[in-house]
Amino acid sequence: MKIGKYPVKCSFRIARIVSDAISVGIAAVIFSLTINFITQYQTMLRKIGTQGVSAIENDYIGAFSWSYWLALIFPALVVGTFAAYLILTLTSRKFAKYRITKQNAQSVYDWYAFCVSVCKIPIFMGIFDIMYIFHQRMLRVDISPFSLQALLDIIIVAIIIRFTVHRIRTITKEDTAKSDTNDSIVKVRVIDEDDDKE
């Protein structure tokens, strides 16, 4: 795995481990609630009976007997998010806009991987809120389909990404400044040595 042209290690700092643990916890809740919802919905269908379900589908809701399976979309989104996380953090990145050096490559990767890890949390919170709305509407609870939580989560993800971009830009600029300073020192020493010989 490389950042720019330089190989880096897949490091797990404490902050990233905590972030991953939180996201795994939220994912477990989403899976658990999905299983519980499907189980409860199937129990409700059995209590209504085949004739009752048919009457409801004929008169009111055409997909009443099977639409609850749409709840599996939310665990699928969680799995997709984890897959994207693994792909983004375990594959090489060019970062062509930044001056990546051997000295700053690992630091850039650490910040990048931490950003991707933290972004999972608001994404999962948004999935959780939309899932809650879906469950309530499936149970015929009068609730708005609009999710303010999901909108806030999108804003939070944008802020996290913007902060990380700024941090990576700062790291690469600092190393560039140090490199330029070292080059200047070398040039001065060479000139001084020539003067001494004269």
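Label-to-label distance, residue 91 versus residue 15, with points set 7 angstrom from Cα along the beta-carbon direction: 2.6 nm. Ranked by the mean number of other Cβ atoms within 10 Å of their residues, highest first, the peptides 132-140, 120-128, 14-22 come out as 120-128, 132-140, 14-22. Once the Cβ-Cβ distance of residue 2 and residue 22 is raised to the sixth power relative to R0 = 30 Å, the FRET efficiency obtained is 0.55.
Values quoted throughout were computed directly from the atomic coordinates according to the rules given, and no laboratory measurement underlies them. Bear in mind that the values here come from a model prediction, so they are computed numbers and not experimental data. Don't worry about glycine lacking a Cβ; one is built from the backbone with ideal geometry, like all the others, and counts go over all protein chains shown.
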